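Have a look at the structure below, then the notes.
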Amino acid sequence: MLPKIIVVGTYEKETLLSSLGLSTASTMGYEGSEGKIDDLRHFINFGANVSVGSSSMSLVIWDADQLSPECQSVLLKPLENSSESMSLFLIASNENRLLPTVLSRCLVVNKIDDSCLDVSHWKSVLDCFVKGPARCLSLADELEKGEIESTLEELITKLNVGLSTEVTKNRLKVLKLAIDCLAKIKFTNVNVKLTFGNFLLNAWKLVKP
């Protein structure tokens, strides 16, 4: 079974498990927010052994997007070699915080709807799109790196959710721009404010009336 990344907003564990066709009795859970390399490696190895003897048992890593990059790297080989006998679920509020190498080994299932989203950053971006270039540049100047990353992550999530009801060429272009911008800010040594400002300007050109 292909490992799955379940993208969710606020959730109750039992309710989420039920929606996935699972129960607490048939799952082994690991808290990603408390993840340590050795503990996670032990959980995966033990879970794989249990799965051999009980095909109904599933492994669930809660808040997988809070795992450190080093912990996430521990998952790569198990994800690559997962078999029909091991059912593995990574629960995440934002899949963009997972390593690309983790994402590429899993099926992403989005269970977020608009009611789950914090829209504070989304409203700021919409304000830029309405007011134009000057507001785009001022917002980029106002925010610090962490806030800019959160804004892009929220925007990407919001656009992804919107694709379930409406797919347009410009929406896809803005989504790609946002993903590229976030990747540059996270993984390269760019001028963060300038890069984010350029993203807002280019996105505004696509969505302006």
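Per DSSP helix of 4 or more residues, -39500 (n - 2.57); summed, then divided by the residues of the chain. What does that give at 222 nm, rounded to the nearest 500?
Values: 9 runs with 115 residues, N = 209.
It comes out at -17500 deg cm²/dmol, rounded to the nearest 500.
Summing +1 for each Lys or Arg and -1 for each Asp or Glu, what net charge is found among the other residues whose Cβ lies under 13 Å from the Cβ of G132? All intermediate terms of the calculation are to be shown ahead of the outcome.
Details: positive: K131, R135, K205, K208; negative: D127.
For residues surrounding G132, the net value is +3.
Let me know the shape class of the chain, please: from the alpha-carbon gyration tensor, a ≥ b ≥ c as square roots of the eigenvalues, rounded when a/c is under 1.5, otherwise prolate if a/b is greater than b/c, or oblate. Display every interim value, and only then the final one.
Numbers: a/c = 2.63, a/b = 2.02, b/c = 1.30.
Note, shape of the chain comes out prolate.
Tell me the relative contact order for the chain as a rounded percent, counting alpha carbon contacts under 8 Å between residues six or more apart.
Numbers: 277 pairs, mean separation 48.6, N = 209.
Taking the mean separation of contacting Cα pairs over the length of the chain, I get 23 percent.
Suppose each label sits 7 Å from its Cα in the direction of the beta carbon; what would the L2-T15 distance come out to in nanometres?
Simple spin-label model gives 2.8 nm for this pair.
Treating only the Cα positions of segment 4-111 as identical point scatterers, give the base-10 log of I(q)/I(0) from the Debye formula at each q in 0.12 Å⁻¹.
Result of the Debye calculation: -0.35.
Taking the Cα centre of segment 4-111 as origin, sum charge times position over the Cβ atoms of Lys and Arg (+1) and Asp and Glu (-1), and report the length of that vector in debye to the nearest 20.
Working: 8 positive and 12 negative charges, 48 e Å.
That gives segment 4-111 a dipole magnitude of about 220 debye.
If I model a spin label at D180 and E142 as a point 7 Å from the Cα along the Cα→Cβ vector, what separation in nanometres do I get?
Calculated label separation equals 2.6 nm.
Round to the nearest 0.05 the FRET efficiency obtained for A25 and A134 when R0 = 45 Å and r is the Cβ-Cβ distance. Walk me through the intermediate numbers first.
On the way: r = 58 Å, r/R0 = 1.29.
Rounded to the nearest 0.05, the efficiency is 0.20.
Each value in this text was obtained by applying a stated rule to the coordinates, not by laboratory testing. All values reported here derive from a predicted model rather than from experimental measurement. Note: ideal-geometry Cβ built from the backbone for every residue, glycine included; neighbour counts use all protein chains shown.
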